[in-house]
């Protein structure tokens, strides 16, 4: 008996793929009788080769109905990258709302549109043709190697760390610092182009067209070069912006900039001082460092001011004059249970030109566990 049950279970497992396929086919063609004809496609794959982003490419899959009776196409399902597909029979576009019946011997085509969008590298899209033909569902595929309209070399401009030079300063500037602030970018497009307008250039940055253009080996593509400069008096902080240009190709050129302009002072941590959860009666402290921004700079000692809950105190506890100052922030062991907050303000002598800096302080005092 056990042997018979095992054999029966094995036969069901072996048969399950075909059973599932039949169930799936029944769902696809629900309410339709099976046609004895099929769609014979001239090709079921199309390779578009090299294409460019943000474009649409029409693709056709010619077919002929082979068999003794008509067949019906009930749906065309497109995958990502294929924006539209429809059926044409003998030059007439047919609506698919209630399905399309095609007589035996008729010829037509599936017309699809491949949208390159922002894809990159190899992209494959599909159109699934559903209906009651013998070879349905049929899958058609479109492949392409998608390139950006503009290929940049380098892909982004990295400036590294730059020194902040205060506007109006008479201090001499190291020629190496000037060299670090200038970059060239080469932009290749599939055809000749110009930048008609710079839609956005970050503050403290400038860009000029060198007016040098080279035609590629294919006789169509063109490479132009642009010079980007970060001004000496550009504001301190991280450079994480892009230059945006409108072009004669109707596409936007984006040049990504990365770097950091070191101000006269760097802070660790940079924005806020967090104590988190503190047990009532427990001593707790945090450290804040103010460090000179770069070589050749001098950092005066900051003045400290605390506003907010009186449970916090702050003092400079370690000094490396002109280079670094370490500030200790304490929360009183007498602090009551609950949330406590304050603002620590650092200021510098006016002649230093260093802007004041504020640090929010937060702590939650709880009952001892």
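Spin-label point model (7 Å from Cα, Cβ direction): what's the residue 307 to residue 214 distance in nm? About 5.8 nm, to one decimal.
Stretching the chain fully between residue 196 and residue 80 yields a gain of 38.5 nm (0.36 nm per residue, less the alpha carbon separation). Considering only 337, 208, 89, the Gaussian network model of the chain with Cα springs below 10 Å gives its largest mean-square fluctuation to 337. Taking 1.567 mPa s as the viscosity and 4 °C as the temperature, the Stokes-Einstein diffusion coefficient of region 205-328 based on its alpha-carbon Kirkwood radius rounds to 66 µm²/s. Can you tell me the 0 to 90 degree angle between the C-alpha axis of helix 2-28 and the longest principal axis of the chain, rounded to 10? The helix 2-28 is inclined about 90 degrees to the chain.
From the Cα gyration tensor of region 151-262, with a ≥ b ≥ c the square roots of its eigenvalues, which class applies: rounded if a/c is under 1.5, or else prolate if a/b is larger than b/c, or else oblate? In terms of gyration-tensor shape, prolate. Largest GNM mean-square fluctuation among 131, 308, 108, using the chain with Cα springs under 10 Å: 308.
Using the beta-carbon distance between residue 173 and residue 351 and R0 = 22 Å, what value does 1/(1 + (r/R0)^6) give for FRET efficiency, to the nearest 0.05? Result of the calculation: an efficiency of 0.60. Note on residue 364/residue 254: beta-carbon distance plugged into 1/(1 + (r/R0)^6) with R0 of 35 Å gives a FRET efficiency of 0.20.
Over the chain, DSSP H runs of length four or greater, each weighted -39,500 (n - 2.57), average out per residue to a 222 nm ellipticity of -3000 deg cm²/dmol. Once you've got the GNM for the chain with C-alpha springs shorter than 10 Å, pick whichever of 217, 302, 137 has the biggest mean-square fluctuation. Sorting by GNM fluctuation, first place goes to 217. Each label was represented as a point 7 Å from its Cα along the Cα-to-Cβ direction; for residue 240 and residue 98 these points are 5.8 nm apart. For the chain, the convex hull spanned by the alpha carbon atoms encloses 320 Å³ per residue.
Compute the Rg/Rh shape ratio of region 265-366: radius of gyration over Kirkwood radius, all on alpha-carbon atoms. For region 265-366, the value is 1.02.
Return one quarter of the surface area of the convex hull spanned by the alpha-carbon atoms of region 28-147, equal to its mean projected area, in nm². Answer in nm², one decimal: 7.0.
Distance from the C-alpha centroid of region 296-328 to that of region 213-253: 43 Å, rounded to the whole angstrom.
With the convex hull constructed from alpha-carbon coordinates only, region 87-178 shows a mean projected area of 12.5 nm² over all directions.
Since every read-out is calculated from the coordinates, none of them should be taken as a lab result. Remember, predicted model here, so these are calculated numbers, not experimental data. Here the Cβ is made from the backbone with ideal geometry for all residues, glycine too, and neighbour counts use every protein chain on show.
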